[in-house]
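Trainee: What follows is a single structure, and I will ask about it in a moment.
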Amino acid sequence: MFLVRAWILLSAVLVGTGWILSGLRALNSAGYGLVLLACTVLCAVCFKRRGVPSREQWRRAMVRFCRRFRRPAPLLFLALLLMSLIAGLLYAPYNGDSNAYRTPRVLHWLWHEHWHWIRTFDSRMNISSSGFEWLSAPLVLLTRTDRFFFLINWCCYAMFPGLVFSMLLRFKVRPRVAWWWMWLLPGAWCFALQASSIINDLPGVIFALAAVVLAFRARESGSIGDLWLSALAAALMTAVKPTNLPLGLLWLVPAFPALRLLLRKPVLSAFVAGAALLISFAPNAVMNVQHGREWTGLEKDTHWELEPPSPLLGIAGGAFTLTTRNLMPPFFPWADDWNRAMERFVETPLGAPFRRVYRFGVLSEGMHSVADSNAGLGLGTCALVVLSIVGAWRHRCPDARPPCTGALARWMQWLPWMLALVFMAKVATVENARQMAPYYSFLLPLILARRGHERLVRRRWWQVLAILTLLATAGLVVISRGRPLLPMRTILARLEAARPDSRFIARVRFAYDTRVATEKHRTFFSSRLPAGEKVVGFAGTLALSSVGVWLPFGERQVVHVLPNDSPETVRSMGFRYLVLEEPFLIEADETLEQWTRRYGAEVVATYPYHNRSWEPPIGLHLLRLIDSPAQEQAGSFPPER
């Protein structure tokens, strides 16, 4: 638990520092340098008190480490961890949400040296939770790249098995069963694929598990330090995503009896409570209210209406979406046909009740294969769970005494399922399979604590199936659409040459081509912009990404053009070049020719971006304003000191 505690403290410091430096308008290298210096001094003092480990202690630690990974299940997890590290280092970040608004908002804040409400058409840049962004801000500021953002998820993935084991034991799962599932759960597709990505679900998983485990430890040992850390972890869990808020109740159940410990040190406890409030979703909620929205920022937004029309429809729609996403095979070439069928279904009398549910049953665009952006537990893990339920029932011993579970354990086993229903009743998104990632770990104890599982995990056939499940996940990581470890496009090109009429190969090829198209889109405009252009305009809606326009990071500012901006407003923004997406023209109710004529611009380059296989490509245009005033030289990120 030492690494978990250190990770919670580091995350709390980074998130809290982000807000404090923003308030001081010192979100720059100097501000972060002072924080880094203070943390270094504090760590040196702590190490001096604990003492530096001797050579013999290091040797024993390495021996224990090697022994831990001698068996197949932990060895396969170690392989997944190493493959994820390699994949993350090989590829540029590939995720629609992160490239569309998460990374750009960090670049906006760093440029202006403080958090601010960004003038943009994409409201997600302002209303979304900012926990993951505050963790990544020092990385982009110090390295001037987003290539290392994946390390946040990778570090969380490394801590996952130990936290799962501790949680399962406290939820009254037998130790042998907990040992197997501490390796099997990280093999679920949503966790393994996100370990090398920049999607922000995995940190919430770790913070949720750590909050509950540390609350139990505080209850058991009377440690006020564990209680403080559990409160910080629970706050960080909400800062990553507000959809994790219901899990706060799961933390409160074991933490409530330990709250009396806070009276031992009331001043420090009040400080921790204030820090927890600062690093939670609360600052974002306050900002949303101040700018005329609901505290979530979503309910009044015309583009992201994610709350279902009624709780019952939300639960029904969410259950259907979860089932389809979790049971989808690794490659599903018929995703486009499925989407069109679901769109037709909601127009029928039978599907009419789900017409108001946001994109009911529709798979995300381009979902011809499982990826980090759409994966749930995965077909293999779900099948193993079902087989385990049936196998445990068959191997139960009628004469055996039922597991000894107190009232607290029974509450903790049933409560996550109730909270999952709350999630589905309030959140109707097409990506709920991965957004429920923090809930999955807590849903298992109700199943695994039943009689028969301890005998089942001793069966050779079950162990073989468990290892095969992990091997299947390893294979999926190797051929991942976003970060393949094999030359998949070359392999598919040869297969396509041998079978040119194969629809399956063509659809799979399109899935891999989507990543390549995103990488080209990322560098297409930055490579065509003159080096001296310090300010560039961006006229986009909710479609794609502005990250590529910011390149190189720290040397160029991006300002957003809105559909209703007048030519005079655009001219006053101080740029000569802008990138325009064709969906933006739909919002402006103009054609490209009309827009360029009215604003006095000419097309310099066009990039065709293929977003959906059944639709023509989206045109992305680099425009130059004709006879614009001389552009003023703008600053960059403050230099390193």
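The values are calculated or read from the model by the stated rules, or taken from the named source; none is laboratory data. It should be emphasised that the depicted structure is a prediction, and the values quoted were computed from it without experimental measurement. Methodologically, a virtual Cβ is constructed for each residue, glycine included, from the backbone with ideal geometry; neighbour enumeration extends over all protein chains shown.
Trainee: Check off (1) touching a strand residue (DSSP E or B) at 6+ places or on another chain (Cβ under 7 Å); (2) not assigned by TED's automatic domain parsing to the domain that holds Gly18 for Phe121 and give me the number that stays unchecked.
Mentor: Condition not satisfied by Phe121: (2).
Yes or no, residue by residue, for (1) surrounded by fewer than 19 Cβ atoms within 10 Å (Cβ to Cβ); (2) in a loop (DSSP other than H, G, I, E, B); (3) at pLDDT 90 or above:
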| position | (1), (2), (3) |
| --- | --- |
| Thr518 | no, no, no |
| Gly532 | yes, yes, no |
| Gly548 | no, no, no |
| Leu580 | no, no, yes |
| Ile586 | yes, no, no |
| Thr606 | yes, no, no |
| Trp614 | yes, yes, no |
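Trainee: Quick one: would you say Leu448 is in the same structural domain as Pro333 (by TED's automatic domain parsing), within 34 Å of the chain's Cα centre (by Cα), surrounded by 17 or more Cβ atoms within 10 Å (Cβ to Cβ) and within 19 Å of Leu245 (Cβ to Cβ)?
Mentor: Criteria not met by Leu448.
Trainee: Which residue, of Val63, Val13, is assigned by TED's automatic domain parsing to the domain that holds Leu214, β-branched (Val, Ile, Thr) and assigned to a helix (DSSP H, G or I)?
Mentor: Unique residue meeting the criteria: Val13.
Trainee: Those residues that are modelled with pLDDT of 90 or more, outside any strand (DSSP E or B) and surrounded by 18 or more Cβ atoms within 10 Å (Cβ to Cβ), I need them from segment 554-564; list them, please.
Mentor: Val561
Trainee: Can you confirm whether Ala392 is part of a helix (DSSP H, G or I), among the small types (Gly, Ala, Ser), more than 32 Å from the chain's Cα centre (by Cα) and surrounded by 21 or more Cβ atoms within 10 Å (Cβ to Cβ)?
Mentor: Yes.
Trainee: Within segment 475-495, which residues are surrounded by fewer than 17 Cβ atoms within 10 Å (Cβ to Cβ), closer than 24 Å to Trp183 by Cβ and small (Gly, Ala, Ser)?
Mentor: Gly475
Trainee: So, one more: Can you name the residue in segment 92-116 that is among the hydrophobic types (A, V, I, L, M, F, W, C) and under 22 Å from Ala375 (Cα atoms) and is also surrounded by the most Cβ atoms within 10 Å (Cβ to Cβ) among such residues?
Mentor: The qualifying residue surrounded by the most Cβ atoms within 10 Å (Cβ to Cβ) is Ala100.
Trainee: Take Ala210 and tell me if it is out of contact with any Cys (no Cβ under 8 Å at 6 or more places or on another chain), more than 30 Å from Arg458 (Cβ to Cβ) and surrounded by 24 or more Cβ atoms within 10 Å (Cβ to Cβ).
Mentor: When the stated conditions are applied, Ala210 passes them.
Trainee: Here is a list of conditions, (1) exposed (fewer than 12 other Cβ atoms within 10 Å of the Cβ); (2) touching a residue at least 40 places away in the same chain (Cβ under 8 Å), and Arg67 meets all of them except one; can you say which number that is?
Mentor: (2)
Trainee: Follow-up. How many residues are of a type in the set (S, T, N, Q) and either within 17 Å of Gly131 (Cβ to Cβ) or assigned to a loop (DSSP other than H, G, I, E, B) (or both) if we restrict to segment 267-285?
Mentor: 2
Trainee: Give the residue that is farthest from the chain's Cα centre (by Cα), with candidates limited to residues of segment 1-15 that are under 10 Å from Leu135 (Cα atoms) and small (Gly, Ala, Ser).
Mentor: So, considering only residues that are under 10 Å from Leu135 (Cα atoms) and small (Gly, Ala, Ser), the one farthest from the chain's Cα centre (by Cα) is Ala12.
Trainee: Filter segment 333-354 down to the residues that are surrounded by fewer than 16 Cβ atoms within 10 Å (Cβ to Cβ) and under 28 Å from the mean Cα position of the chain (by Cα) and list them by number.
Mentor: Across segment 333-354, the qualifying residues are Trp334, Asp337, Arg340, Glu343.
One line per residue, one yes/no per condition, for (1) over 20 Å from Leu10 (Cβ atoms); (2) under 24 Å from the mean Cα position of the chain (by Cα); (3) assigned to a helix (DSSP H, G or I):
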residue	(1), (2), (3)
Ile152	no, yes, yes
Phe165	yes, yes, yes
Pro203	no, yes, yes
Phe207	no, yes, yes
Trp228	no, no, yes
Ala235	no, yes, yes
Thr238	no, yes, yes
Leu249	yes, yes, yes
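Trainee: Related question: Could you go through segment 76-91 and let me know if any residue there is in contact (Cβ under 8 Å) with a residue 60 or more places away in the chain, within 24 Å of the chain's Cα centre (by Cα), within 30 Å of Val561 (Cα to Cα) and part of a loop (DSSP other than H, G, I, E, B).
Mentor: Checking segment 76-91: not a single residue is in contact (Cβ under 8 Å) with a residue 60 or more places away in the chain, within 24 Å of the chain's Cα centre (by Cα), within 30 Å of Val561 (Cα to Cα) and part of a loop (DSSP other than H, G, I, E, B).
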